[in-house]
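Quick note: the coordinates plus some simple rules give every number you see, no bench work behind them. Everything numeric here is computed off the predicted structure, so don't read it as measured data. Cβ atoms come from the backbone with ideal geometry, glycine included; neighbour counts cover every protein chain shown.
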Amino acid sequence: MIFGSRSLGVHLLRGASGAAALWLSLRTIDTDWLPSLLLMPVALWMFKGCPMCWTVGLFESVAAWVHRRNEQAAPDP
């Protein structure tokens, strides 16, 4: 996995944190530029790039989660 996470919960937490940092960064750009400047790289790091990269990672994480569940449910030959 390039963009995905080992755990679906961790990936969703990273997405929520990235969205919050991006929102705060855009919200504070009019009043004070320093928090905006500091929060934008945090948002990019949490998203592992851009929001689209996070979305691709979400699909990777879900696919890995489904694959692990199917391997556990399959009977041994």
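As a size descriptor, the averaged projected area of the C-alpha convex hull of the chain was calculated at 5.2 nm².
With both labels modelled 7 Å from their Cα along Cα-to-Cβ, the residue 32 to residue 6 distance reads 3.7 nm. Under the convention that each Lys and Arg Cβ holds +1 and each Asp and Glu Cβ holds -1, the size of the dipole of the stretch 8-73 around its Cα centre is about 200 debye. Shown here for the chain: trypsin sites (Lys or Arg not before Pro) in loop regions (DSSP other than H, G, I, E, B) with at most 16 other Cβ atoms within 10 Å, namely 6. Using C-alpha pairs under 8 Å with a sequence gap of at least 6, the mean separation divided by the residue count of the chain gives a relative contact order of 43 percent.
Remark: the residue 16-residue 42 segment gains 8.1 nm on full extension, using 0.36 nm per residue and subtracting the alpha carbon distance.
For the stretch 64-72, backbone phi angles converted through the Karplus equation (6.51, -1.76, 1.60; θ = phi - 60°) give residue-by-residue couplings of 5, 5, 5, 4, 5, 5, 5, 5, 6 Hz, Gly and Pro being listed as x. In order along the stretch 13-29, the phi-based Karplus estimate (6.51 cos²θ - 1.76 cosθ + 1.60, θ = phi - 60°) of 3J(HN,Hα) comes to 5, 4, x, 5, 5, x, 5, 5, 5, 5, 5, 5, 5, 6, 6, 8, 5 Hz; Gly and Pro are listed as x. Phi angles of the stretch 39-44 translate, via the Karplus equation with coefficients 6.51, -1.76, 1.60 and θ = phi - 60°, into HN-Hα couplings of 7, 5, x, 5, 4, 5 Hz per residue; Gly and Pro are given as x.
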